[in-house]
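All remarks here apply to the structure that follows.
The values are calculated or read from the model by the stated rules, or taken from the named source; none is laboratory data. Fair warning: this is a prediction, and the values are worked out from it, not measured in the lab. Cβ placement follows ideal geometry from the backbone for every residue including glycine, while neighbour counts extend to all protein chains displayed. What goes into the accessible areas is simple: the full protein's heavy atoms, side chains included, and nothing from ligands, DNA or RNA. Shrake-Rupley method; radii C 1.70, N 1.55, O 1.52, S 1.80 Å.
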Amino acid sequence: MITATRRLLATATPDLAAHAAVHGPLPRPRPDDLLAAVDAAGLRGRGGGGFPTGRKLRAVAAGRRPVVVANGCEGDPASAKDKALLATAPHLVLDGVELAAHAVGAREAILCAHDGTALRQAVAARALSIAVSVVDVPRRYVASEETSLVNFLNTGDARPLVKLVRPAERGVRGRPTLVDNVETLAQLALLARTGPEAFRRDETRLSTVLGAAAHGGVFEVPAAATVGDLLRMAGADPEGPVLAGGLGGEWLVRAGHLRVADVPGVSAFRVLGGCGVRETAHVLGYLAGESARQCGPCAFGLPAIAADLAALAAGGAPAEVVARLRRRLGVIPGRGACAHPDGAVRLAASALRVFSDDIAAHAHGRCLA
């Protein structure tokens, strides 16, 4: 059985001396060598999208006067990994920020978090090779989306940009902008120290387990860990229903054999402890309330499907409610300004699939939980 490990969370305290004792000095490879190492290691983003980090770095490096943005905002309440990382290892994140800036030729970095206290203390404790500022971002679900961050830094409005111009092309103050999750940057700092071969061999990821788990929280697990390994560490049923990939993920059952690294979305798992229909209705109500209300699929579509799920959860809903819900789920995806409505649809569709018996019972005023 695979057990938890500690690389990213190897320091017991966030101070610089503890960081230096564990990780040693930060190497300064040539930018081309660093980019080649990132490619060889296969490092991908840890914010939920899983985009190849090397490709993102190269896209930004091709522009003039780039900016690095470290995304430490966790708008998804199902995830707590970035908060744990910033509280324990802010200097590993800053190492990654410096390396990313070195790789793309940036002289400025912005660190974004819902509470930047730990980051400000870490920045003040060390001499950095680039100008670094820390910005507090509103605690909203969509505020951590990369175009939301860029929009907030430019205008003060933490809502996604409707335009299809990516931050790598035109971001903060119109300059090419690298937006990377703080765990991705911390992984970059480890990769620069170990080299790609050792990094791949010893690679870990941070995962959150909440809900019906005896020992829920944030776990650092090897890349080969399965969902079953992770849930057993948290004291949860490894084969029971679990919402995987954050609140915009999907319900899975008997998923213990899947690798944690292969589950799409943010590495967060919410173990079901009651009625799946009611839990889904509760989450969809929250997601509908977190809409930026700037496009129809989100402003109108999400409240509609949330109302359908609420009716099913309440019991005694007519059969046409399920048929109507299925129709609505078919017209929302791919039409929003960001992926928020797509995630809500994915969650609802998975509930119809996994909890079909429960939904049928609710239609007759009964609950199987």
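Do the conditions hold for ASP115, that is, is it at pLDDT 95 or above, open to solvent by 60 Å² or more (accessible area, probe 1.4 Å), under 26 Å from HIS340 (Cα atoms) and not hydrophobic (A, V, I, L, M, F, W, C)? Explain how you work it out, then say what you get.
Numbers: at pLDDT 95 or above: no; open to solvent by 60 Å² or more (accessible area, probe 1.4 Å): yes; under 26 Å from HIS340 (Cα atoms): yes; not hydrophobic (A, V, I, L, M, F, W, C): yes.
Spelling it out, it is not the case that ASP115 is at pLDDT 95 or above, open to solvent by 60 Å² or more (accessible area, probe 1.4 Å), under 26 Å from HIS340 (Cα atoms) and not hydrophobic (A, V, I, L, M, F, W, C).
Does GLY301 satisfy the criteria of being without any contact (Cβ under 8 Å) to a residue 60 or more places away in the chain and in a helix (DSSP H, G or I)? Against the criterion (without any contact (Cβ under 8 Å) to a residue 60 or more places away in the chain and in a helix (DSSP H, G or I)), GLY301 qualifies. Looking only at residues in region 258-294 that are assigned to a helix (DSSP H, G or I) and open to solvent by 30 Å² or more (accessible area, probe 1.4 Å), which one is farthest from VAL345 (Cα to Cα)? So, considering only residues that are assigned to a helix (DSSP H, G or I) and open to solvent by 30 Å² or more (accessible area, probe 1.4 Å), the one farthest from VAL345 (Cα to Cα) is ALA261. Taking the listed residues SER129, SER133, the one that is open to solvent by 30 Å² or more (accessible area, probe 1.4 Å) and assigned to a strand (DSSP E or B) is SER133, with no other qualifying. Filtered by the rule that a residue be at pLDDT 90 or above and open to solvent by 50 Å² or more (accessible area, probe 1.4 Å), region 311-324 gives ALA314, ARG324.
Across region 159-187, the qualifying residues are those that are of a type in the set (A, V, I, L, M) and open to solvent by 20 Å² or more (accessible area, probe 1.4 Å), and the one among them that is modelled with the lowest pLDDT is LEU164. Listed conditions (1) on the phi < 0 side of the Ramachandran plot; (2) touching a Gly at 6+ places or on another chain (Cβ under 9 Å) are all met by GLY315, apart from (1). For LYS83, the criteria (1) open to solvent by 10 Å² or more (accessible area, probe 1.4 Å); (2) over 30 Å from GLY216 (Cβ atoms); (3) assigned to a helix (DSSP H, G or I); (4) not small (Gly, Ala, Ser) hold in every case but one, which is (2). Test GLY49 against the criterion of being assigned to a loop (DSSP other than H, G, I, E, B), open to solvent by less than 30 Å² (accessible area, probe 1.4 Å), closer than 22 Å to VAL137 by Cα and modelled with pLDDT under 95, and give yes or no. So GLY49 fails the test. Within region 100-121, residues that are within 17 Å of LEU26 (Cβ to Cβ) and in a helix (DSSP H, G or I) have Cβ atoms under 9 Å from residues that are hydroxyl-bearing (Ser, Thr, Tyr) and modelled with pLDDT under 95 in these pairs: ALA101/SER129; HIS102/SER129, counting only partners at least 6 apart in sequence or on another chain.
Considering region 52-66, and only residues there that are part of a loop (DSSP other than H, G, I, E, B) and surrounded by 15 or more Cβ atoms within 10 Å (Cβ to Cβ), the residue that is modelled with the lowest pLDDT turns out to be GLY63.
Of all the residues in region 136-148, those that are part of a helix (DSSP H, G or I) and farther than 16 Å from GLN294 by Cα number 2. Criterion applied to VAL93, VAL69 was being in a helix (DSSP H, G or I), at pLDDT 95 or above and either open to solvent by 20 Å² or more (accessible area, probe 1.4 Å) or among the aliphatic types (A, V, I, L, M) (or both), and the one residue passing it is VAL93.
If you go through region 325-369 and keep only what is within 12 Å of LEU309 (Cα to Cα), among the aliphatic types (A, V, I, L, M), open to solvent by 30 Å² or more (accessible area, probe 1.4 Å) and at pLDDT 90 or above, you end up with just ALA349. Just one of (1) touching a residue at least 60 places away in the same chain (Cβ under 8 Å); (2) assigned to a loop (DSSP other than H, G, I, E, B); (3) at negative phi fails for ALA37. It is (2).
Just to check your reading of the model, which residue among ALA122, ALA12, ALA78 is among the hydrophobic types (A, V, I, L, M, F, W, C) and surrounded by fewer than 20 Cβ atoms within 10 Å (Cβ to Cβ)? Explain how you work it out, then say what you get.
Working: ALA122 fails: surrounded by fewer than 20 Cβ atoms within 10 Å (Cβ to Cβ); ALA78 fails: surrounded by fewer than 20 Cβ atoms within 10 Å (Cβ to Cβ).
Result: ALA12 is the single residue among ALA122, ALA12, ALA78 that is among the hydrophobic types (A, V, I, L, M, F, W, C) and surrounded by fewer than 20 Cβ atoms within 10 Å (Cβ to Cβ).
In region 62-76, the condition of being among the β-branched types (Val, Ile, Thr) and over 28 Å from ALA292 (Cα atoms) is met by no residue.
Of a type in the set (S, T, N, Q) and touching a helix residue (DSSP H, G or I) at 6+ places or on another chain (Cβ under 9 Å), is that true of SER267? Here the answer is yes, as SER267 does meet what is asked. In summary, strands (runs of 3 or more DSSP E) completely within region 166-243 and bearing 2 or more residues that are farther than 28 Å from LEU272 by Cα occur at 177-181.
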